[in-house]
Amino acid sequence: MPEVVHRTWDEAACARLVAAGCDARLARIFAARGLTSVDELAVTLTALAAPERLDHVERAAKLLADGIAREERMLIVADYDADGATACALGVRALRAMGAKVDHLVPNRFEHGYGLTPEIADEAAKRAPAILITVDNGIAAVEGIARANALGMRVLVTDHHLPGSGLPAAECIVNPNQAGCGFPSKHLAGVGVIFYVMLALRAELRTRGAFASGTGPNLGELLDLVALGTVADVVRLDANNRILVGQGLARIRAGRACAGIGALLQVAGRNARDASAYDLGFAVGPRLNAAGRLQDMSLGIECLLAEDPTRALELTTRLDALNRERRVIEAGMQASALSMLGAIEAGDAYTLSIHREEWHAGVVGLLASRLKDRLHRPVFAFASDGAAGLKGSGRSIAGLHLRDALDLVDKRHPGLMERFGGHAAAAGVTMPRARLEEFRAAFEAVAREQLTPADLLQTIECDGTLAARDMSLGLAQLIREQVWGQGFPEPRFAGRFSVQAQRVVGERHLKLTLGLDARRFSAIRFGSAEPLPASIDAVYRLDVNEYHGASTLQLIVEHVA
């Protein structure tokens, strides 16, 4: 059973926030996340880190501006997840608005693998571009970029993944995580990196007098794409990313989202005027990701590029159907994986590396994430990759930097992994099927060096308790207006309630009426239809329930003891 831990906060910081006009209830929550000044809550574009602080961004701008002046063809090579799709759509929209001749190419997960490979370089060459632009990939594409160079294409890499031991021989690399880059936000998503490159390109074109009739396109119109890609990629919402997401959400709430995002919200049953980061992460992102997981992300990119709302809705309906199919596949894989765990006792192993022949390569990352959450262990789930190969996706817990752990495995067991890469929390591996046991042992050994038994104890952090009088629709609305996400978690509270009514809805959810201090609260527990006792200790979120035009307070129960 996870331990519920109450966050602590700096009383002095809390007092400063209140003195500066912050709601006292929110001030406590913000202080518990390390904020000390209301300036850190600013979501105005003027507070963004300046583009010129991103290494090589001005060189990238000159490369693209020269290409536009020469009327050279450009081709964006995207990744097949939501970050890659939004980055691609943003790049295409911005470059076309600035006069570029640009198209896009996205690898198929099942046919091509990840990123700019030599095969993708060959495919790109058929379209005769002078400049290849990678988005959300490329930092590890040593062989692919060498092939592109040999075919006469110049390559601009825009990426945010951690570099390996050697960089590819690209014309220019823009990545906040490359050595020596002093950009203050190391957590930019791929879509954030290409957004910054487009800002620099517009500035370069302005100096060249390219926009005789004005200052160029309003790139702020693309911030809905930045917000979606940033949230869906689960990067840390540091101050800079909170600004990007906050500005994007403001556009969506004002009805100025692109047709594709508007349609994705509609199909998900979410109201755009009340859209939150939670909606982007748990309703819109999965539907967009479903294309890359099960078919081809070209469908998702087409949706994000659609100008006609009717066409966007048609494409989104197809994405929604794919997402439903993905859920069925994932549920079967999760049941299959859990059936394998009977011989594994909690605490025995520090990691889990599993494979089943029938598993779907597009869904193993989600499976790894679910198992990581359930077991609180770093997990790799592998699917078959041809007759002799495995393709795996991993998720990690706090305390084990997954990409760095794989780097140690690679140094100690050269050749074990054919390819690997990723972040602190998520990574991918390709390797021979016959070496799974060797990988399992090597990964376990590294994890045992990096983690302690205490790291394996699962905790649920919350922001203390709320008195019944403070549990209000007003507070729920205040919370919804803020930008929450990875590294800046939405507040959760703990409390003891009486269970006054309960019934199953939608076959696997529990609709509840909870009592506290003579007050009654409507609540719901998603994903569990198990009946509850007469009183419970619960961890919950405050939510705004919209029904027939009326807004009411609803508690989302996330954990019950």
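The values are calculated or read from the model by the stated rules, or taken from the named source; none is laboratory data. The structure displayed is predicted, hence computed values, not measured ones. In this analysis, Cβ positions are derived from the backbone assuming ideal geometry, glycine residues included, and neighbour counts consider all displayed protein chains.
Give the residues of segment 329-351 that are surrounded by fewer than 11 Cβ atoms within 10 Å (Cβ to Cβ) and modelled with pLDDT of 80 or more, sorted by residue number. Spell out the reasoning first.
We begin by selecting, within segment 329-351, every residue surrounded by fewer than 11 Cβ atoms within 10 Å (Cβ to Cβ); these are 335, 339, 342-343, 345, 347-348.
Residues satisfying the conditions are 335, 348.
Checked against (1) crowded, with 22+ Cβ neighbours inside 10 Å; (2) closer than 21 Å to residue 266 by Cβ, residue 311 passes all but a single condition, namely (1). Only one entry of 69, 19, 49, 89 meets the criterion of being exposed (fewer than 15 other Cβ atoms within 10 Å of the Cβ) and within 22 Å of residue 203 (Cα to Cα), and that entry is 69.
Residue 430 satisfies every condition listed in (1) under 27 Å from the mean Cα position of the chain (by Cα); (2) surrounded by fewer than 17 Cβ atoms within 10 Å (Cβ to Cβ); (3) farther than 30 Å from residue 553 by Cα; (4) of a type in the set (S, T, N, Q) except (2). Looking only at residues that are touching a Lys or Arg at 6+ places or on another chain (Cβ under 7 Å) and assigned to a helix (DSSP H, G or I) in segment 243-266, which one is surrounded by the most Cβ atoms within 10 Å (Cβ to Cβ)? If we take residues in segment 243-266 being touching a Lys or Arg at 6+ places or on another chain (Cβ under 7 Å) and assigned to a helix (DSSP H, G or I), then 264 is surrounded by the most Cβ atoms within 10 Å (Cβ to Cβ). Sub-8 Å Cβ pairs linking a first residue in segment 523-535 that is loosely packed, with under 10 Cβ neighbours inside 10 Å to a second residue that is in a loop (DSSP other than H, G, I, E, B), at least 6 apart or interchain, are 527/508, ordered by first then second residue. Residues of segment 374-390 that are part of a strand (DSSP E or B) and either in contact (Cβ under 8 Å) with a residue 40 or more places away in the chain or on the phi > 0 side of the Ramachandran plot (or both): 380, 381, 382, 384, 385, 389, 390.
Can you tell me which of 400, 371 is part of a helix (DSSP H, G or I) and buried (at least 19 other Cβ atoms within 10 Å of the Cβ)? If you could, list the steps in order and put the result at the bottom.
On the way: 400 fails: part of a helix (DSSP H, G or I).
Criteria check complete, one pass: 371.
Quick check on segment 425-435. Is at least one of its residues touching a helix residue (DSSP H, G or I) at 6+ places or on another chain (Cβ under 8 Å), among the charged types (D, E, K, R) and farther than 30 Å from residue 533 by Cα? No, every residue in segment 425-435 fails to be touching a helix residue (DSSP H, G or I) at 6+ places or on another chain (Cβ under 8 Å), among the charged types (D, E, K, R) and farther than 30 Å from residue 533 by Cα.
Only a single criterion out of (1) within 22 Å of residue 56 (Cβ to Cβ); (2) within 21 Å of the chain's Cα centre (by Cα); (3) not polar (S, T, N, Q) is not satisfied by residue 82, namely (1). Among the criteria (1) closer than 22 Å to residue 292 by Cβ; (2) touching a helix residue (DSSP H, G or I) at 6+ places or on another chain (Cβ under 9 Å); (3) at pLDDT 95 or above, the one residue 107 does not fulfil is (3). Among the criteria (1) modelled with pLDDT of 95 or more; (2) farther than 25 Å from residue 246 by Cα; (3) polar (S, T, N, Q), the one residue 117 does not fulfil is (1).
Looking at this structure, is residue 305 over 16 Å from residue 226 (Cα atoms) and either over 17 Å from the mean Cα position of the chain (by Cα) or in contact (Cβ under 8 Å) with a residue 40 or more places away in the chain (or both)? So residue 305 fails the test. For segment 204-228, filtered to residues that are part of a helix (DSSP H, G or I) and small (Gly, Ala, Ser), the residue that is farthest from residue 82 (Cα to Cα) is 220.
Applying the criterion of being among the β-branched types (Val, Ile, Thr) and assigned to a helix (DSSP H, G or I) to the residues of segment 229-242, the residue that is nearest to residue 480 (Cα to Cα) is 231.
With the structure loaded, tell me whether residue 162 is on the phi < 0 side of the Ramachandran plot, touching a Lys or Arg at 6+ places or on another chain (Cβ under 9 Å) and surrounded by fewer than 22 Cβ atoms within 10 Å (Cβ to Cβ) or whether it fails that test. Can you show your working first?
Working: on the phi < 0 side of the Ramachandran plot: yes; touching a Lys or Arg at 6+ places or on another chain (Cβ under 9 Å): yes; surrounded by fewer than 22 Cβ atoms within 10 Å (Cβ to Cβ): yes.
Yes.
Residue 30 falls short on exactly one of the conditions (1) on the phi < 0 side of the Ramachandran plot; (2) more than 27 Å from the chain's Cα centre (by Cα), and that condition is (2).
Hydrophobic (A, V, I, L, M, F, W, C) and touching a Pro at 6+ places or on another chain (Cβ under 7 Å): does that describe residue 259?
The answer is yes for residue 259.
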